[in-house]
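Step one of this worksheet: look at the structure below.
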Amino acid sequence: MNFPVSLQQNKRSVLGIVALTLFIVAYYPIFQILVKKWASSEEYSHAFVILPIILYLVWQKRAIFQESQVRYSSVGLVLLIISALFYPVSLLIQMRTIIALFMFLTVVGTIIYLFGTDTLKALFTPLLLLAMLIPVPEKLFIQLTFPLQLIVSQISEVVIRFFAVPILREGNIMFIPGKTFEVVEACSGLRSMISLLTLSVIFGYFRLRKVSSKLVLVVASAPTAIFVNIIRVVTMILLFHFFKLDLSEGTLHTLTGISIFAIALLTLFLVERILEKWEIKSNSN
């Protein structure tokens, strides 16, 4: 039996409101946890900017929800059942990453259950951005940070020696006459890498068409983060050695960090422009 279009639209609207209400009520505790984490963490402070962008991207795709029929997919139902079973357990063990993952699984399961995999594919980018706002576990973050600190320290030492500056390095600590510099977590590149990865997804979505180009841009964000932090460390040490200008503390340190991130954004933008021109050239051939 075929229902009128208006009746189908009303049905979708009611189901959407019910699903959204249940979702907010069920996951309100994790909303509080995530907001607190985002507000207190430099790594994820960009979340408050990314969330409106996610909502905008979903709003752009609103026609998909209006045109698609309610499907009741068994795959989506399985995902919802798994999420419903393990979500209470994750609340008990108080691991915010696991809790957030089950919340994300609920979102994916609901989309598949009500609208099918085609709608899921159409919403891939906003869902990816949402997943990227899930905090990395603290232990994993520490395990990733220290190797990056060593990489930045080692390469910075090589560059500094090129300028004939006497330097001794022990791990992530570097000694020059009159000053000791430590490559701390903020200089490892991981913090800026998280932000740049997110921004590269957004740049790719709006500016690039080919999946391969988007992947190259995302991959390029990682070495870009490391590269600019090497510039930061080298600049700080050279300015102190030759001009006795200390950028390791206070307002100058903050301004240096902002400037370095601006360089990272500019680098990412240049990579995007190169990829965009390559796409135009390949399409014309």
Problem set entry | Residue within region 29-51 that is hydrophobic (A, V, I, L, M, F, W, C) and loosely packed, with under 11 Cβ neighbours inside 10 Å present | no
Exercise. Got a number for residues in region 206-225 being in a helix (DSSP H, G or I) and touching a residue at least 24 places away in the same chain (Cβ under 8 Å)?
Worked result: 9
Exercise. Could we say that SER259 is over 19 Å from ARG161 (Cβ atoms), crowded, with 18+ Cβ neighbours inside 10 Å and assigned by TED's automatic domain parsing to the domain that holds LEU144 here?
Worked result: no
Exercise. Among the candidates ILE111, ILE202, which residue alone is under 26 Å from PHE65 (Cα atoms) and modelled with pLDDT under 95?
Worked result: ILE111
Exercise. Out of all the residues in region 88-109, which are buried (at least 21 other Cβ atoms within 10 Å of the Cβ) and among the hydroxyl-bearing types (Ser, Thr, Tyr)?
Worked result: THR106
For this session: Count, please, the residues in region 247-285 that happen to be touching a residue at least 12 places away in the same chain (Cβ under 8 Å) and not hydroxyl-bearing (Ser, Thr, Tyr).
Result: 15
Exercise. Looking at region 41-53, which of its residues are closer than 12 Å to LEU199 by Cα and either touching an Asp or Glu at 6+ places or on another chain (Cβ under 8 Å) or assigned to a helix (DSSP H, G or I) (or both)?
Worked result: ALA47, VAL49, ILE50, ILE53
For this session: Scan region 117-166 for residues that are under 24 Å from PHE227 (Cα atoms) and among the polar types (S, T, N, Q) and jot them down.
Result: GLN143, THR145, GLN149, SER153, GLN154, SER156
Problem set entry | Matching option when the condition is out of contact with any strand residue (DSSP E or B) (no Cβ under 6 Å at 6 or more places or on another chain), without any contact (Cβ under 8 Å) to a residue 24 or more places away in the chain and within 30 Å of SER73 (Cα to Cα), among PHE162, PHE102, PHE115 | PHE102
Exercise. What number goes with the only condition from (1) modelled with pLDDT of 95 or more; (2) over 24 Å from PRO147 (Cβ atoms) that LEU215 does not pass?
Worked result: (2)
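The values are calculated or read from the model by the stated rules, or taken from the named source; none is laboratory data. Note that the coordinates shown come from a computational prediction; the quantities given were computed from them, not determined experimentally. As a convention, Cβ positions derive from the backbone with ideal geometry for all residues, glycine included, and neighbour counts pool all protein chains shown.
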